[in-house]
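Scroll down for the structure; my scribbles are underneath it.
The values are calculated or read from the model by the stated rules, or taken from the named source; none is laboratory data. These figures come from a predicted structure and were not determined experimentally. Positions of Cβ are backbone-derived with ideal geometry, glycine not excepted, and every protein chain shown enters the neighbour counts. Each accessible area value is taken on the protein alone, full model and side chains, heavy atoms only, with ligands, DNA and RNA left out. Shrake-Rupley method; radii C 1.70, N 1.55, O 1.52, S 1.80 Å.
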Amino acid sequence: MNKNNYSGSKLFNPRDRNKAAWIAPSLIALITFILYLPALQNEFVNWDDQSYVYENQNIKSIDLNFFRWSLAAEVAALWHPLTMFSLALDYAIWGLNPIGYHLTNILFHTANTFLVFILVVRLIECKTSPSSFIPHPSSLIAASVTALLFGIHPLHVESVVWVSERKDVLCAFFFLFSLLSYLKYTSADNSRKSLFYAASLISFTLALMSKPMAVSLPFVLLILDFYPLKRLTIGFRGILTEKLPFFILSVMSALATIWASSEGGVLEPLVILPLTARICVAVNAWVLYIAKMILPFNLAPFYPYPNPKAINPLAFEYIATISIFSAITVFSIRSLKRERLFVAVWLYYLVALIPVLGIVKIGGHSMADRYTYLPSLGPFLLAGVWIAATFDKCSKKQCQALIITALLLMLALLGNTTKQIALWKDSITIWSHEIKIFPGEIIAYYN
């Protein structure tokens, strides 16, 4: 090895690495928690918060009637009884004081940030030491970058500071637990396999009861089997049989969502919005979400859907995004011979977003910042792996420059996130911001 090389592999001995694997996520979680503390001063907003909390009589007592209602009710055109139970618990403690509701959201996001770190380390290390948790320094760097981006990125503000998005942070909490349990299941001895499998399945059920966006999890498990677990060699039929209970739960949740959307009157038929138009807008959103992860500016609570008559697949906007989408897909397939990571991450990103892309059209928006909460893990992981790989190969001076650059970018994200949190202070502030971004958006004036 070149003496000038500042390889991360020599930075820590195994004992230090083991400590760092718990200290690093704790510090990142603490940074995330402190960053979001100003949200405790925010109020409820007049966008779904009334349906979920301050005009919802059903959450004011937790009794048999509440459970009957929550298991059979659609709220804001969704079926998510566990989310309603968590809000009822908040009401039992805090009444209609918004501080408590915001605090719960922040705590869940903080916990999710911690779990993201652990998940990334497990994913990277499972290729070499599935039963051990003494990670390589590169794994710690990749996990730190991924978790930091997840915790402090402005795109996630909507999911955390909007009380109605309790469903997002709650769903992600159980989604991540399900993935971690599944990783343990694949490496556990036979005596404990059923325990971890049950933990993964139960966590998935709770995720679905928090928000139906979790329906993608069985496909995510298959992606993990492809890479990094490389389990497809043990027999595809067995792999599919193993996922059958997960798929059954996904189908049941999808049916419940279609029912709830129909009851809520937000399900749009194909006659009004043709499939071609939906696909154009969906591909556009796939690409724009990545753009907003790189340059998180002009974030809005509501991105209006284009006029169906104005959606032309041959328009420059759609040709450009379809070309970018196709180029990334081709690059992913071509990279298969060298490395499976890129294609696995791209597949995860696509699959995680499919439930909210509007192929089954619900609501009047074309995209939403909150929809990136879990899908962003893919691009953030790639950023973490790239920085870790660069750090492992660079000289001392190059590494110092890389660290300074990374810190400056993180500070920029922190500043942007702080501003974004303030935009959700109250209804007037958030809708005034919406008008600034989309001056002609009627929903902002209505609210």
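Report the residue count in region 60-119 for those that are polar (S, T, N, Q), crowded, with 16+ Cβ neighbours inside 10 Å and under 22 Å from G264 (Cβ atoms). The number of residues fulfilling the criteria is 3. For region 1-44, the set of residues classified as part of a helix (DSSP H, G or I), surrounded by 19 or more Cβ atoms within 10 Å (Cβ to Cβ) and at pLDDT 95 or above consists of P25, I28, A29, T32, L35, Y36, A39, listed by residue number.
Filtering region 124-147 to residues that are open to solvent by 20 Å² or more (accessible area, probe 1.4 Å), modelled with pLDDT of 90 or more and farther than 16 Å from S376 by Cα leaves I124, I141.
Here's the yes/no breakdown for (1) closer than 18 Å to F380 by Cα; (2) over 26 Å from the mean Cα position of the chain (by Cα); (3) not in a loop (DSSP other than H, G, I, E, B); (4) not hydrophobic (A, V, I, L, M, F, W, C):
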position: K309; (1), (2), (3), (4): no, yes, yes, yes
position: I322; (1), (2), (3), (4): no, no, yes, no
position: I333; (1), (2), (3), (4): no, no, yes, no
position: L336; (1), (2), (3), (4): no, no, yes, no
position: W346; (1), (2), (3), (4): yes, no, yes, no
position: Y349; (1), (2), (3), (4): yes, no, yes, yes
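Can you find even one residue in region 361-371 that is in a strand (DSSP E or B), open to solvent by 40 Å² or more (accessible area, probe 1.4 Å) and at pLDDT below 95?
yes
Starting from residues that are assigned to a loop (DSSP other than H, G, I, E, B) and touching a strand residue (DSSP E or B) at 6+ places or on another chain (Cβ under 9 Å), keep the ones in region 403-447 and report whichever is least open to solvent (accessible area, probe 1.4 Å). Here the answer is E441.
Taking the conditions (1) open to solvent by 60 Å² or more (accessible area, probe 1.4 Å); (2) touching a Cys at 6+ places or on another chain (Cβ under 7 Å) in turn, I319 satisfies each one other than (2).
Report whether or not S178 is touching a Ser or Thr at 6+ places or on another chain (Cβ under 7 Å), open to solvent by less than 50 Å² (accessible area, probe 1.4 Å), in a helix (DSSP H, G or I) and not acidic (D, E).
yes
Counting just the residues of region 50-59 that are open to solvent by 60 Å² or more (accessible area, probe 1.4 Å) and part of a helix (DSSP H, G or I), which one comes out farthest from K167 (Cα to Cα)? Spell out how you get there, then give the answer.
The initial filter retains those residues of region 50-59 that are open to solvent by 60 Å² or more (accessible area, probe 1.4 Å), namely 54-55, 57-58.
Checking which are part of a helix (DSSP H, G or I) leaves us with 54, 57-58.
On the way: Y54: 16, Q57: 19, N58: 17 Å.
In this case the residue turns out to be Q57.
Residue-level analysis places W47 among those that are open to solvent by 20 Å² or more (accessible area, probe 1.4 Å), modelled with pLDDT under 95 and farther than 16 Å from S139 by Cβ.
Looking at I354, is it open to solvent by 30 Å² or more (accessible area, probe 1.4 Å), assigned to a helix (DSSP H, G or I), within 29 Å of P439 (Cβ to Cβ) and of a type outside the set (S, T, N, Q)? Please lay out each step first, then the result.
Working: open to solvent by 30 Å² or more (accessible area, probe 1.4 Å): yes; assigned to a helix (DSSP H, G or I): yes; within 29 Å of P439 (Cβ to Cβ): no; of a type outside the set (S, T, N, Q): yes.
The answer is no for I354.
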